Amino acid sequence: MLGEVTARIIETLGEYERSHGLPKSWKTPLVAVASAANANFARLKEVVSPTHLLPEDILPGAKSGVSFFIPFEDWIVHENTGEGPASRSWALAYLQTNDLIAHINVSLESLFQSRGAATGKIPATHNFDEERLLSDWSHRHIAYIAGLGSFGLNNMLITSQGCCGRFGSLVTDFAFPEAEYARQGPFPERCLHKLRGICGLCRTRCPAGAYTPEGFDRHRCYARCLENARRYESLGLADVCGKCVTGLPCSLRDPSL
Ligand code: SF4
Ligand code: SF4
């Protein structure tokens, strides 16, 4: 079934690109699935926020969490590298990928329906608490549980295709074959700083000084993202920046290899 889910995501992405007349914007998505019984889901209340939801909270009777990563094409990443505001193509890729993820979710819902299963869908973004700037469903953490990557010093998930792209996830009451579920982590580190105490470039790139000795200041980060949102207001709500993920050894590949 995981193969069918992957094929459906790839097909939806191709149709989206064609029907919107877009230049090639995404590489082949990575897809994985975690059992709702995976003990790491319960840990999200400690690691992310006490109000983080469990699969069961999204869909009663949920058995699986499907996670996918849609990597950006290199040109989008290169255009956002360097100082200054987020590039226009980065802002646009963010908006288009969120819309693509909504299309993928609908398409997967109909695939699971054809197997007699229900899904619980979660929007790609803007599902966070505006005061705390924390989400009650972190797509990145679901991707970690599903084994798609490991966290870097910048708190982004480093996949086999790097960290530049977007994550989506949904839950379903479909029970995948046991062998298709991700094993329970921990997974091997990929970040060069965590592995060998070197690099650390991501933290030096932040124009907002959000990486402080006391920890990550998400309010500074979001203020910078809102500056970019104002700049690209005509495109939609592109509250993004991405300077701490572009132009790095982990942007487009697994740097540990
Ligand atoms: S830039 Fe270097 S330190 Fe930062 S996450 Fe990537 S590999 Fe780790
Ligand atoms: S997204 Fe931009 S503002 Fe936020 S931490 Fe990264 S570099 Fe800093």
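The values are calculated or read from the model by the stated rules, or taken from the named source; none is laboratory data. Not measured: the values here are computed from a predicted model. Neighbour counts run over all protein chains shown; Cβ positions are idealised from the backbone, glycine included.
Data for the structure
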read-out	value
Residue ID - surrounded by the fewest Cβ atoms within 10 Å (Cβ to Cβ), chosen from residues in the stretch 83-115 that are more than 30 Å from Asn38 (Cβ to Cβ) and in contact with a Gly (Cβ under 7 Å, 6 or more places away or on another chain)	Leu95
Answer residue from the stretch 56-71, given it is more than 19 Å from the chain's Cα centre (by Cα) and outside any helix (DSSP H, G or I) and is surrounded by the fewest Cβ atoms within 10 Å (Cβ to Cβ) among those	Pro60
Pick from the stretch 241-257, criterion more than 12 Å from ligand 2 (Cβ to nearest atom) and touching a residue at least 40 places away in the same chain (Cβ under 8 Å), ranking: nearest to Ser25 (Cα to Cα)	Leu252
Which listed residue, of Ala182, Ala238, is within 16 Å of ligand 2 (Cβ to nearest atom), in contact with a helix residue (DSSP H, G or I) (Cβ under 9 Å, 6 or more places away or on another chain) and of a type in the set (A, V, I, L, M)	Ala238
Residues of the stretch 26-55 satisfying the condition of being surrounded by 15 or more Cβ atoms within 10 Å (Cβ to Cβ) and part of a loop (DSSP other than H, G, I, E, B)	Lys27, Pro29, Ala36, Asn38, Val48, Ser49, His52, Leu53, Leu54
Criterion (among the β-branched types (Val, Ile, Thr), crowded, with 21+ Cβ neighbours inside 10 Å and either over 22 Å from the mean Cα position of the chain (by Cα) or more than 30 Å from Pro55 (Cβ to Cβ) (or both)) met by exactly one of Thr246, Thr159, Thr172	Thr246
Filtered residue count, the stretch 148-196, keeping only those that are within 15 Å of ligand 1 (Cβ to nearest atom), of a type in the set (Lys, Arg) and in contact (Cβ under 8 Å) with a residue 24 or more places away in the chain	2
Qualifying residues in the stretch 1-45 (those that are among the polar types (S, T, N, Q) and more than 19 Å from the chain's Cα centre (by Cα)) - the one nearest to Phe176 (Cα to Cα)	Asn38
Residue within the stretch 124-147 that is part of a loop (DSSP other than H, G, I, E, B) and at pLDDT 95 or above present	yes
